[in-house]
Amino acid sequence: MESVWELPLDQVLLGDAVRMMRMLPDGSVNCVFADPPYNLQLRGELRRPDDSLVDGVDEEWDRFTDFAAYDAFTREWLGEARRLLRPDGTLWVIGSYHNIFRIGAILQEMGFWILNDVVWRKANPMPNFRGRRFTNAHETMIWAARAQGSRYRFNYQAMKALNDDIQMRSDWFLPLCTGAERLRNEHGLKLHPTQKPEALLHRVLVSSTHPGDVVLDPFLGTGTTATVAKRLGRHFIGIERHPAYVEAALARLARTHATSAEGMTITPGRRETPRVPFGGLVERGVLPPGTLLTDRTRRVQAVVVADGSIRAGELQGSIHKVGAAVQNAPSCNGWTFWHFERDGEWLAIDVLRQGAAG
């Protein structure tokens, strides 16, 4: 089969996942999010006590006959995912106890490097109809870099901002899709048995991608990944083998509008912070020699020196060294510790780095 070397950006492709992935060029996507079939055991779990199937489930949905067939399929699509990822790209794969452990072992064997397992705790889980086991109230996501040592993207500060300025944990408490978000067929039944909530994909994409990145979902279903990617200004490529799901995904995308450029701005992390020497600010006259600096509470003071150092009493050295010394601390981030006065307001000198880098 000939390869298609032009990326089908912002398109939903109808067809088999592995076959369609083989038509895409090496190193062409920044992120893969995959919600693969859960494996044959799950059919029994999705039956009511009267043995009828739960809304939206059909026998074709999870078509594997044994573990060997499922493992072979997993190796095929994971192999293509790894080929398609850029060197600094990452993979997200979600599953339940039926399949996630098998997938995790296989992806490690193939050279992926696991960064986190994230537990999605469901606020409103589906009950265990037979009453023979605990209610299965979570699913597990594996987040993995393409290889050990990859310089993968993690928007730490953005996730902290999303979580009320508290470091984001690896257990996410979110509800299943309900109400208008849950797609239904003409009979009022769930269109897709495992439709993921948009809030889940919002966290995934905000945490590990940047506006303009390319996100691939090889098992797109009814289009949650593509919908959230479009809204957040990411490019998407979706693959889905079920025509009814493709139709639903396209209709959903038609109703989705991209966020404004201002709304897509990600809170910068350390890697995005411009590396500007403090002396550069002194040289440019942004903080000329003799400028008074204080800590946030204005309890200690220092003066900027012409050589780019600062002096506080008998202490002289870098903003970091002097900041640590006046606090009797082993280290200090001088950019956030020291403040200068502008129009009657005391601001951290860190705010000056953006302008100095321009």
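The values are calculated or read from the model by the stated rules, or taken from the named source; none is laboratory data. Because the structure is a prediction, the values reported are computed rather than measured. Positions of Cβ are backbone-derived with ideal geometry, glycine not excepted, and every protein chain shown enters the neighbour counts.
The set of residues from segment 72-124 being part of a strand (DSSP E or B) and of a type in the set (A, V, I, L, M) comprises 85, 91, 93, 94, 114, 115, 118, 119. For residue 331, which of the numbered conditions (1) free of Cβ contacts under 8 Å to residues at least 12 places away in the same chain; (2) surrounded by 15 or more Cβ atoms within 10 Å (Cβ to Cβ); (3) polar (S, T, N, Q) fails to hold? The failed condition is (2).
Residues in segment 235-262 that are assigned to a strand (DSSP E or B) and either among the β-branched types (Val, Ile, Thr) or on the phi > 0 side of the Ramachandran plot (or both): 237, 239. Within segment 169-182, residues that are more than 16 Å from residue 225 (Cβ to Cβ) reach partners that are at pLDDT 90 or above and not hydrophobic (A, V, I, L, M, F, W, C) with beta carbons closer than 6 Å, at six or more positions or on different chains, in the pairs 170/116; 171/121; 173/121; 176/122. Of the residues in segment 246-264, none is surrounded by 17 or more Cβ atoms within 10 Å (Cβ to Cβ), β-branched (Val, Ile, Thr) and at pLDDT below 95. Kindly provide the set of residues from segment 116-127 that are over 18 Å from residue 101 (Cβ atoms) and either without any contact (Cβ under 8 Å) to a residue 60 or more places away in the chain or under 14 Å from the mean Cα position of the chain (by Cα) (or both), ordered by number. 121, 122, 123, 124, 125, 127, listed by residue number. Being touching a His at 6+ places or on another chain (Cβ under 7 Å) and at pLDDT 85 or above is a condition met by at least one residue of segment 279-293. The set of residues in segment 162-215 that are of a type in the set (Ser, Thr, Tyr) and under 17 Å from the mean Cα position of the chain (by Cα) comprises 170, 207, 208, 209. Taken together, 210, 235 contain a single residue that is in the same structural domain as residue 96 (by TED's automatic domain parsing) and within 23 Å of residue 20 (Cα to Cα), which is 235. The conditions of being closer than 21 Å to residue 85 by Cβ and exposed (fewer than 15 other Cβ atoms within 10 Å of the Cβ) are met by residue 148. For the residues 116, 99, the requirement of being assigned by TED's automatic domain parsing to the domain that holds residue 28, of a type in the set (S, T, N, Q) and modelled with pLDDT under 95 singles out 99. Scanning segment 79-114 for residues that are among the small types (Gly, Ala, Ser), surrounded by 20 or more Cβ atoms within 10 Å (Cβ to Cβ) and closer than 17 Å to residue 67 by Cβ yields a single hit, 95. Mind listing whichever residues of segment 202-222 are part of a helix (DSSP H, G or I), of a type in the set (A, V, I, L, M, F, W, C) and touching a strand residue (DSSP E or B) at 6+ places or on another chain (Cβ under 7 Å)? If the condition is that a residue be part of a helix (DSSP H, G or I), of a type in the set (A, V, I, L, M, F, W, C) and touching a strand residue (DSSP E or B) at 6+ places or on another chain (Cβ under 7 Å), then 204, 205 are the ones that fit.
The condition of being part of a helix (DSSP H, G or I) and surrounded by 13 or more Cβ atoms within 10 Å (Cβ to Cβ) holds for only one of 281, 293, 287, that being 281.
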